[in-house]
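The values are calculated or read from the model by the stated rules, or taken from the named source; none is laboratory data. Owing to the predicted nature of the structure, the values given are computational and were not obtained by experimental measurement. Quick reminder, even Gly has a Cβ in these numbers, built from the backbone with ideal geometry, and neighbours come from all protein chains shown.
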Amino acid sequence: MKRGSYEWSGQTPTDSEGEKYVMRLLISLAVLLTAVMIACGTGTEAAPEQGTPMPASYLDGDITVELRAPGEVSQGDRITGLDVIIANESDELFTFFYSGNVLDFEVLNGDGDIIWRQLGGYDEPLGTFNLLPGQSDAVSELNWASQGMWDLRDEEGFPVEPGEYQVRGLVTVWLQEPADGGERDQLVTAAHTLTVQETPLQSSRTSW
């Protein structure tokens, strides 16, 4: 070997071998990145399957329902105008889906037994009603449901005795567009105390 010169005795890598090395390196990096993503998560949650009704608890208080009814009546009266006020406490639009009657009511005695109920059972084409952010309205006005009416008689047709009764309103809807008529969600109001007095009032009809 001459002075000032350098002679390489090894083999110079070919282009194909260099490409294989780069490819192996890229595959290794991809596997490592995938493992990191699985361990840390992507930060997103899976969306509910389309057509699966969401339970009422999913709303987390964004939607509230409150019964509209008198607090005191007398035997012989007839209560009309029972309704449910539904409110959207969130900052987004809610769309409700329904088929048939949406608005139902039931009355319970002091033992907690249901002595009267107004329940719908008919079906009709699927309809919707919207509730804007901050909107509060009567369900009967949102989807033309019939208001409740009770003549203070039990399911067997006998006049109820004087005393306190609990009245509840039920709103039956789908909270997500249903698929194949899936199970509906039922929003139930808090129990409302209704006192039936023994002394008749002059009016034979109480409208609320």
Please go through segment 67-89 and pick out each residue that is at negative phi and either within 18 Å of the chain's Cα centre (by Cα) or among the small types (Gly, Ala, Ser) (or both). Leu67, Ala69, Gly71, Ser74, Val84, Ile85, Ile86, Ala87, Asn88, Glu89
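Could you say which residue among Thr44, Thr64, Thr52 is part of a loop (DSSP other than H, G, I, E, B), modelled with pLDDT under 90 and either under 25 Å from Asp154 (Cβ atoms) or under 17 Å from the mean Cα position of the chain (by Cα) (or both)? Show your work before the answer.
On the way: Thr44 fails: either under 25 Å from Asp154 (Cβ atoms) or under 17 Å from the mean Cα position of the chain (by Cα) (or both); Thr64 fails: part of a loop (DSSP other than H, G, I, E, B).
Only one candidate passes the filter, namely Thr52.
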Across segment 142-160, what is the number of residues that are surrounded by 13 or more Cβ atoms within 10 Å (Cβ to Cβ) and of a type outside the set (Lys, Arg)? 12
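Could you please give the count of residues in segment 117-141 that are touching a strand residue (DSSP E or B) at 6+ places or on another chain (Cβ under 8 Å), among the small types (Gly, Ala, Ser) and loosely packed, with under 13 Cβ neighbours inside 10 Å? So that I can check it myself, show each step before the final result.
If we filter segment 117-141 for residues that are touching a strand residue (DSSP E or B) at 6+ places or on another chain (Cβ under 8 Å), which is where we start, we get 117-120, 126-140.
Next cut, among the small types (Gly, Ala, Ser) only: 120, 127, 134, 136, 138, 140.
Filter again for loosely packed, with under 13 Cβ neighbours inside 10 Å, leaving 134.
Of the residues in segment 117-141, 1 are touching a strand residue (DSSP E or B) at 6+ places or on another chain (Cβ under 8 Å), among the small types (Gly, Ala, Ser) and loosely packed, with under 13 Cβ neighbours inside 10 Å.
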Flagged in segment 67-80 as of a type in the set (D, E, K, R), closer than 18 Å to Gly157 by Cα and buried (at least 18 other Cβ atoms within 10 Å of the Cβ), in numbering order, are Asp77
Residues of segment 161-171 being touching a residue at least 60 places away in the same chain (Cβ under 8 Å) and either crowded, with 20+ Cβ neighbours inside 10 Å or within 18 Å of Thr80 (Cα to Cα) (or both), which ones? Val167, Arg168, Gly169, Leu170, Val171
Can you report the number of residues in segment 86-116 which are under 29 Å from Ala179 (Cα atoms), surrounded by fewer than 17 Cβ atoms within 10 Å (Cβ to Cβ) and touching a strand residue (DSSP E or B) at 6+ places or on another chain (Cβ under 9 Å)? 6
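Taking strands (runs of 3 or more DSSP E) that do not extend beyond segment 98-208, which have at least 2 residues that are more than 18 Å from the chain's Cα centre (by Cα) and modelled with pLDDT of 85 or more? Spell out the reasoning first.
Working: elements: 103-108, 114-118, 127-131, 136-138, 148-150, 163-173, 185-188, 192-197.
Passing ranges, in order: 103-108, 114-118, 148-150, 163-173, 192-197.
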